[in-house]
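Notes to accompany the following structure.
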Amino acid sequence: MGILANTVSVCHFKVQGDLPQEELYAWTTRQLAANRFNPIDQGTEELSLGWVHLDDPKSADFESPTACWRDHYLMFTLRRDKRSVPSAILKAHLEKAQDQFLAENPGFTKVPKQKKEDLKEAVHAMLLSQTLPTPATYDAVWDTQTGLLTFSSLSPKVIELFEEHFKKSFEGLRLSAFHPFARAESVLDAENQALLKQANKAGGDNYLELIKENQWLGTDFLLWLMYQTMNEASEYSVNQPGILLEKEPFVGYLDDRVVLLGSGENGAQKITVAGPQDHFNEVRSALLNKKQITEATLHLETGDDHWKMTLKGELFHFASFKSPSVKVEKDNTTDEGMEREAVFFEKMVLLEKGNQLFDSLFANFLKLRLASGWSEQETLIQAWLNVCSTCKGALS
């Protein structure tokens, strides 16, 4: 079900550039139609890439408004069909073709180089025509009010493919990764944005440099969350705009799985601590030995609703992002189209609430991290680490 599933891995982008002067719906649907997916089931093409409906990956007709627009959301799916021939199968059939050539041409003791290439090309084409393409789909939802685009894959290759096809399809627009520094800028007021600028360790505005030089945003955030989980009530209040009311209480804490990274004698060393934790002694031992938390399972709760994700600290990707179940009331008069629409809007509400809670939690951390009182917080965290009951047997 992709992005509409109760659990989905997502990353976020901001859509940058000037939107067209003409009506946005007319322009975007025309661009999607011009770069739609074309089936390759009946041919021998190895690859086809293009846009299809989020509701129906078999359909690439964007003439109807419901195909890609719902209220202020633009939704579409990148479909990639690829057919390939396993090398072992290609080798076996090529050897058979070469043997047949030598049998039909007794004057040759071996197949000439050019003939070998021709046979390989012909065999490959023949095998491709007998191979069905394997489809893969990746959903995208663009909130045209906020400019935030949510994409349902964390694969670097797929993300690069999506960025390229988006740029090709929507001329004049581009996608900017919503990395930790960009996210920090978006949740802070002007005064704290100035403090963030002072703390910025990057020398320019290049997004790769902003990510690489400001990894402290992710590692310090996760370390603070670990300390808060073990020593505080983990209770916060909503401070970011959105569906949830300002100052609405919520709970945020780490549990289940923590990944740490550090340098060892044989290079980078990765440690994974999994399962429900009591005192996180193994994690604290690793932290005492200069390891840093790079990802962890984060829980967010408000009322009876519960969100769970594996937060990737370097890029703030949400892996295995589980929202509350979508509950849509329907009766005998509800048709399939109305049901799909109701499911979509309910899922968008849940995703936006999860984002709002995460941003509120991140803003809480940033205001403390950028203030002069952070050194006192570091002292408290270090004292907590030092009382680790397993520090003498710490991981190295």
Within the stretch 1-29, residues without any contact (Cβ under 8 Å) to a residue 24 or more places away in the chain and either part of a helix (DSSP H, G or I) or closer than 28 Å to Thr131 by Cα (or both) come out as Met1, Ala26, Trp27
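Does the stretch 222-232 contain any residue that is assigned by TED's automatic domain parsing to the domain that holds Gly262 and loosely packed, with under 15 Cβ neighbours inside 10 Å? Show your work before the answer.
Residues of the stretch 222-232 that are assigned by TED's automatic domain parsing to the domain that holds Gly262, as a first pass: 222-232.
Remaining after also requiring loosely packed, with under 15 Cβ neighbours inside 10 Å: 231-232.
Taking every residue of the stretch 222-232 in turn, at least one turns out to be assigned by TED's automatic domain parsing to the domain that holds Gly262 and loosely packed, with under 15 Cβ neighbours inside 10 Å.
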When the residues of the stretch 333-362 are filtered to those that are surrounded by fewer than 17 Cβ atoms within 10 Å (Cβ to Cβ) and among the small types (Gly, Ala, Ser), which remaining residue is farthest from Asp220 (Cα to Cα)? Gly337
Return the only residue of Thr150, Thr134 being surrounded by 13 or more Cβ atoms within 10 Å (Cβ to Cβ) and not hydrophobic (A, V, I, L, M, F, W, C). Thr150
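Those residues that are aromatic (Phe, Trp, Tyr) and at pLDDT below 90, I need them from the stretch 9-48; list them, please.
So in the stretch 9-48, the residues aromatic (Phe, Trp, Tyr) come out as 13, 25, 27, 37.
Within the stretch 9-48, Tyr25 is the sole residue that qualifies.
Checking the conditions here, which among Glu104, Glu121 is under 40 Å from the mean Cα position of the chain (by Cα), of a type in the set (D, E, K, R) and surrounded by fewer than 18 Cβ atoms within 10 Å (Cβ to Cβ)? Spell out the reasoning first.
Numbers: Glu104 fails: under 40 Å from the mean Cα position of the chain (by Cα).
Just one listed residue meets the conditions, Glu121.
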When you scan the stretch 56-65, do you find a residue that is at pLDDT 85 or above, within 18 Å of Leu132 (Cα to Cα) and not assigned by TED's automatic domain parsing to the domain that holds Ala125, even just one? yes
Say we look at the stretch 183-221 and pick out the residues that are surrounded by fewer than 18 Cβ atoms within 10 Å (Cβ to Cβ) and of a type in the set (Phe, Trp, Tyr); which of these is farthest from Arg369 (Cα to Cα)? Tyr207
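Pick from Phe365, Phe321: which is modelled with pLDDT of 95 or more, within 27 Å of Gly275 (Cα to Cα) and either surrounded by fewer than 21 Cβ atoms within 10 Å (Cβ to Cβ) or out of contact with any Ser or Thr (no Cβ under 8 Å at 6 or more places or on another chain) (or both)?
On the way: Phe321 fails: either surrounded by fewer than 21 Cβ atoms within 10 Å (Cβ to Cβ) or out of contact with any Ser or Thr (no Cβ under 8 Å at 6 or more places or on another chain) (or both).
The match here is Phe365.
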Is it the case that some residue within the stretch 259-268 is hydrophobic (A, V, I, L, M, F, W, C), under 22 Å from the mean Cα position of the chain (by Cα) and over 20 Å from Gln382 (Cβ atoms)? yes
Within the stretch 147-176, restricting to residues that are of a type in the set (S, T, N, Q) and closer than 11 Å to Phe13 by Cα, the one that is nearest to the chain's Cα centre (by Cα) is Thr150
Do we find a residue being under 26 Å from the mean Cα position of the chain (by Cα), modelled with pLDDT under 95 and of a type outside the set (Gly, Ala, Ser) anywhere in the stretch 330-342? yes
By residue number, the members of the stretch 235-279 that are over 30 Å from Gln145 (Cα atoms), assigned to a strand (DSSP E or B) and touching a residue at least 60 places away in the same chain (Cβ under 8 Å) are Gly264, Ile271
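Taking the stretch 281-329, which residues are basic (Lys, Arg) and farther than 30 Å from Glu209 by Cα? Before you say what the answer is, go through the steps one by one.
Our first condition is that a residue be basic (Lys, Arg); within the stretch 281-329, this holds for 284, 290-291, 308, 312, 322, 327.
Across the stretch 281-329, the qualifying residues are Lys322, Lys327.
Let's see how each residue does on (1) touching a helix residue (DSSP H, G or I) at 6+ places or on another chain (Cβ under 8 Å); (2) of a type in the set (D, E, K, R); (3) surrounded by fewer than 17 Cβ atoms within 10 Å (Cβ to Cβ); (4) not assigned by TED's automatic domain parsing to the domain that holds Cys68:
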{"position": "Gly17", "(1), (2), (3), (4)": "no, no, yes, no"}
{"position": "Pro20", "(1), (2), (3), (4)": "yes, no, yes, no"}
{"position": "Ala26", "(1), (2), (3), (4)": "no, no, yes, no"}
{"position": "Glu46", "(1), (2), (3), (4)": "yes, yes, yes, no"}
Is it true that some residue in the stretch 76-89 is over 31 Å from the mean Cα position of the chain (by Cα) and either surrounded by 11 or more Cβ atoms within 10 Å (Cβ to Cβ) or in contact (Cβ under 8 Å) with a residue 60 or more places away in the chain (or both)? yes
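The values are calculated or read from the model by the stated rules, or taken from the named source; none is laboratory data. Model, not experiment: these values are computed from the prediction. FYI the Cβ positions are ideal-geometry reconstructions off the backbone, even for glycines, and counts take in every protein chain you see.
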